[in-house]
Amino acid sequence: MMEKTDRRIRKTRQQLGEALVSLILEKGYDTITIKEITARADVAHATFYRHYRNKDELLARRLEEVVQEIEVMTREPSLQDAEGYLIFKHAQENSILYHILLSSPGTTQVRKRIQATIAANVLRTCTPLRSAQRGIIPPQAAANHIAGSMLLLIEWWLDQKMPHPPHQMAKVYEQLVTGATVNAVLNGTTQSDMGL
């Protein structure tokens, strides 16, 4: 009986999340009402409040799912060499949610959490950053820069209607963001060692 209840709860939450996303695409986030969400999801108005306090919480929970998927991908050791590709592929497959995440004013806290997740993974997996403790650029600042730049690159790519495939964007990310930042950190270490 418990599994049946859990399945019903998951289904209701999924319906509400999908209804919210489709309404955001149609009319933007700010003007959407709970009544419209429940009507689109075909659930009772009171049912909404059994699961969420307001539409902000519903959106945050939906975006949290994206965060959890990214965390799983970036923590899998066998996938770390393909991290850029996997994130761009994930953005392509979930482009609507990424667009909402990166362009809606109400998603700042979730965006910050995703950036922190990516930055923590960069620090954990990028040996040159971990070993460059004495340079001008702190490794934490470099990792945060890489994470923020990745999100901006994804936002640009989505705004342009994804004209390049994920594998090409992963190479752009590697050359333009990761490689350039690591070089800056290493050059900063060299200059620091030389007393410049």
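The values are calculated or read from the model by the stated rules, or taken from the named source; none is laboratory data. Here the structure is a predicted model, which is why all the values come from computation and not from measurement. For neighbour counting, all protein chains shown are included, and Cβ atoms are generated from backbone atoms with ideal geometry for every residue, glycine included.
Which of the residues that make up the stretch 143-163 are touching a Ser or Thr at 6+ places or on another chain (Cβ under 7 Å) and free of Cβ contacts under 8 Å to residues at least 40 places away in the same chain?
Result: HIS145, ILE146.
Kindly indicate the residue of the stretch 70-79 that is part of a helix (DSSP H, G or I) and either without any contact (Cβ under 8 Å) to a residue 24 or more places away in the chain or outside the structural domain of ILE96 (by TED's automatic domain parsing) (or both) and also surrounded by the most Cβ atoms within 10 Å (Cβ to Cβ) among those meeting that condition.
Among those that are part of a helix (DSSP H, G or I) and either without any contact (Cβ under 8 Å) to a residue 24 or more places away in the chain or outside the structural domain of ILE96 (by TED's automatic domain parsing) (or both), it is MET73.
Restricting the search to the stretch 26-58, which residues are among the hydrophobic types (A, V, I, L, M, F, W, C) and loosely packed, with under 12 Cβ neighbours inside 10 Å?
Passing the criteria: ALA44, ALA46.
In the stretch 45-63, how many are in contact with a helix residue (DSSP H, G or I) (Cβ under 7 Å, 6 or more places away or on another chain) and either in contact (Cβ under 8 Å) with a residue 60 or more places away in the chain or in a loop (DSSP other than H, G, I, E, B) (or both)?
Residues that pass the stated criteria total 1.
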